[in-house]
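To start, the structure itself, in structure tokens.
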Amino acid sequence: MTEGASLDQRVTELAEVASFAPPETFRARARVRDASVFEKADRDRLAFWAEQARDLDWDTPFSTVLNDAEAPFYRWFEDGTLNASYNCLDRHVAAGLGDRVAYHWRGEEGEERTITYAELLDSVQRFANGLRDLGVGKGDVVGIYLPMVPEVVVAMLACARIGAVHNVVFGGFSVEAVRERMAVSRARVLVTADHARRKGRLSAVKSALDPALEQLTDLAHVVVVRAGGDAAEPCPMRDGRDVRYDDVVAAAAATCPAEPMEAEHPLFILYSSGSTGKPKGIVHSTGGYLTGVSYTHRLVFDLDAERDVYWCTADVGWITGHSYAVYGPLANGATSVMFEGAADYPHPGIWWEVVERFGVSILYTAPTAIRACMRWGSEHPARHDLSSLRLLGTVGEPINPKAWLWYHTVIGRERCPIVDTWWQTETGSIMIAPLPGLTETKPGSATHPIPGVTADLVDGSGQSVPEGTGLLVLTEPWPSMLRTLYGEEERYVRSYFSEFGPRRYAVGDSARRDADGYYWVLGRVDDVLNVSGHRLSTGEVESAIVAHEKVAEAAVVSEPDEVTGEAIVAFVTLRGGAEGDPETEAQIREHVSTRIGKLARPSRIVWAEELPKTRSGKIMRRLLRDAVQNRELGDVTTLNDPSVMTALRDRIASGG
Ligand code: WTA
């Protein structure tokens, strides 16, 4: 039997095992081995958080921990000042760690760049001065739309250094998404790339953006990073507006002292999907956010900054990239791997090659990636020496036990604890997760809230549900929580603090709590989709579809998918009762791609003469979900015309 096949056999054997204690070799050396940390946090939560915050370097120490006078607008450590880039760079260099590698960068074509803390500090200072030369000051918004190149980290930290607020847009989002996010946040500068490389293809970024940039009246400058490699043609530059990153850095002064910021000064905005078509501009603070990410990064990943090589595979365009590929690891002085490419380019074993090459000891990724690797076959990881790994993590969506066991066996070789981490863009940092040296894990459960965090399950009226299924709430504020939605304070209150009051944060997920008190997060209860661990809203996808000239109406639901977790199914009614055809289907998919990004394209389109609606005209997505999943329809008493569902079921049965 090949090694891959015997590992697969072991995965099957382990299916009977309900829980996994931390491996003894791991436990013996773990940072946290007993439950006293929970007791300490429970005894005095605020003192506990203050202690975590004091692990950072403050220019002015804080004297108050939490100000909740204007709940749900919470203020943490408010009279303290600090700088995030100082905490991520200068203090490590000052401690003699300048030669420590901050990032081992690996490009798509196998190029490597090693960036030490001292080098990163140097680049950040220069680019911070460069941004100032372009007129950027404290509180100004700087957009960042870059592939996974080291300059993305430089740009983020340069903003933090001078108090500019970065607004990163995921490189997989469309030009239209960039335009919208820059317009609503009134960005002054956009840092982007000439080209991006993806699976051996080069795509133009800057020139594709150009027409949209013309419409951005607040945008004074565009900084262009050369990310397309040597073969890429130079992109067109507009005089007076566009500047090359290399020129900006070359012309800038070498030193730029980090400016002390009030703890509550916004560090960044990150747009994420809500339940309506309009993305939410989630605002994070400086002091509280950095406290949360550095604390959790040490605790949950059992970080030993001197020895570990840590790799978070998330793109920086998502919150996981912000918190656990940039701010958390850098604040802790960790050595990270940054990988530009896709998981299957140039071959499906590339991740395991990278793990072996850099001796990765902590790997943090998403269930969807694990499922894809599973599908490509255990022979790929089996070909590599993965003995450097000692801890594995997952994030973004519930992990099915089969994928958990595969990760545990084929990647972790039963030596590595798995931390299934539950959190959100809004929470800033991990909220529910095992402590790897302490918590017994159950495949598929994120286990318990971490020390300092308090959660509960409640029913629709807010009553606690001790055991069984309920709505997940976080019952006390925490330092890294979002502070508001950019420019939409009322929406902030309504989205998170109207359902269960100003102290109980409504998560938007349902979960189950078992007899041992373990949390099993089931998924969203609102109209938010989770495709490959990426958050999208039904409303957003629907408005992109409806914007197509032939479309009269659309409703979007998800169905389970083996690899992506959820897949998007769109029900579309065409104008004038027209019949759908493959050409229109292709056009609609393309339309969604240009409006939002490829990741939002429906996997199926079902042509619907009519959509199921209530008597007051509201689309009943719930019934559509039942129909695509071939379940019995739920409550149909409010449905205006029952024949609509009969017709749709016939459509689905005949393949759309
Ligand atoms: C889901 C990503 C189950 C959940 C960090 C949440 C999870 C949404 C897990 C947030 C997990 C995230 N188990 N579900 N370990 N982690 N989710 O804002 O539905 O992109 O509300 O943040 O992802 O997605 P977001």
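Worth a mention:
- The string of couplings for the stretch 246-256 from the Karplus curve (6.51, -1.76, 1.60, θ = phi - 60°) is 4, 5, 4, 5, 5, 7, 7, 5, 7, 10, 8 Hz, one whole number per residue in order, with x for Gly and Pro.
- From most to least packed by mean Cβ count within 10 Å, the peptides 465-476, 155-166 give 155-166, 465-476.
- Summarising the amide proton neighbourhood of ASP509: residues at separation of 5 or more, or on other chains, whose placed amide H is nearer than 5 Å comprise LEU472, VAL525.
- Packing-based ranking, highest mean first, of 546-557, 509-520 given that Cβ atoms within 10 Å are counted: 546-557, 509-520
- For the stretch 532-655, a simple Cβ point-charge model (Lys and Arg +1, Asp and Glu -1, everything else neutral) yields a dipole of about 360 debye relative to the Cα centre.
- By the count of other C-beta atoms within 10 Å, a proxy for reagent exposure, TRP49, TRP105 are ordered fewest to most as TRP105, TRP49.
- Within the stretch 50-189, percent of DSSP bridges classed antiparallel, to nearest 5: 60 percent
- Antiparallel %, DSSP beta bridges [both residues in the chain], to 5: 60 percent
- Near the amide H of MET261, within less than 5 Å, lie the amide hydrogens of LEU82, ASN83, all on another chain or at least 5 residues away, with H placed in the peptide plane.
- Summed over qualifying helices (DSSP H, 4 residues or more, each -39500 (n - 2.57)) and divided by its residue number, the chain shows a 222 nm mean residue ellipticity of -8500 deg cm²/dmol.
- In sequence order, calculated HN-Hα J values of the stretch 177-189 (Karplus, 6.51, -1.76, 1.60; Hz; x Gly/Pro): 5, 5, 4, 4, 5, 6, 5, 5, 8, 6, 5, 8, 9
- The relative contact order of the stretch 532-655 comes to 22 percent, based on Cα pairs under 8 Å that sit 6 or more residues apart.
- Taking GluC sites (Glu not before Pro) across the stretch 175-282, the ones in a DSSP loop with at most 15 further Cβ atoms lying within 10 angstrom of their Cβ are GLU214.
- With N as its number of residues, the chain has a Cα radius of gyration that, divided by 2.2 N^0.38 Å, comes to 0.94.
- Expressed to the nearest 5 percent, the antiparallel share of DSSP beta bridges inside the stretch 532-655 is 75 percent.
- Using the Karplus relation 6.51 cos²θ - 1.76 cosθ + 1.60 with θ = phi - 60°, the per-residue 3J(HN,Hα) values for the stretch 336-350 come to 10, 9, 10, 10, 6, x, 8, 6, 10, 10, x, 8, x, x, 4 Hz, with x marking Gly and Pro.
- Amide H contacts of LEU146: VAL169, GLY171, each under 5 Å away and 5 or more positions distant or on a separate chain (H built 1.01 Å from N in the peptide plane; Pro and chain starts excluded).
- Estimated Rh, the stretch 120-259: Kirkwood, alpha-carbon pairs, angstrom: 14.8 Å
- The shape of the stretch 1-137 comes out oblate: with a ≥ b ≥ c from the C-alpha gyration tensor, a/c is at least 1.5 while a/b does not beat b/c.
- For the peptides 125-137, 309-321, the ranking by packing is 309-321, 125-137, with the highest mean count of neighbouring Cβ atoms within 10 Å listed first.
- Listed pairs LYS402/LYS613; LYS280/LYS618; LYS442/LYS598; LYS40/LYS138; LYS278/LYS550; LYS199/LYS402 exceeding 26 Å between Cα atoms: LYS402/LYS613; LYS442/LYS598; LYS40/LYS138; LYS199/LYS402
- Net dipole in debye of the chain [+1 Lys, Arg Cβ; -1 Asp, Glu Cβ; about Cα centre; nearest 20]: 180 debye
- Its relative contact order, with pairs defined as Cα atoms under 8 Å and 6+ residues apart, puts the stretch 250-294 at 36 percent.
- Average 1/r across all pairs of distinct alpha carbons in the stretch 312-471, invert it, and you get the Kirkwood radius: 16.7 Å.
- Ranking VAL205, GLY80, SER36 by how far each Cα lies toward the positive end of the dipole of the chain (charges on Cβ) leaves VAL205 at the top.
- Residue order, fewest to most beta carbons within 10 Å, for VAL152, VAL65: VAL65, VAL152
- Per-residue Cβ neighbour rank within 10 angstrom, fewest leading, HIS384, HIS195, HIS265: HIS384, HIS265, HIS195
- Debye intensity ratio I(q)/I(0), log10, the stretch 357-417, q values 0.13 Å⁻¹ (C-alpha model): -0.29
- For the stretch 436-500, the square roots of the Cα gyration tensor eigenvalues, ordered a ≥ b ≥ c, give a/c of at least 1.5 with a/b no greater than b/c, which places it in the oblate category.
- Here the stretch 120-259 is assigned +1 on the Cβ of each Lys and Arg and -1 on the Cβ of each Asp and Glu. Its dipole about the Cα centre then comes out at about 320 debye.
Laboratory data are not the source of any read-out in this text; all were calculated from the coordinates shown. All values reported here derive from a predicted model rather than from experimental measurement. Please note: Cβ atoms are built from the backbone with ideal geometry, for glycine as well, and neighbour counts cover all protein chains shown.
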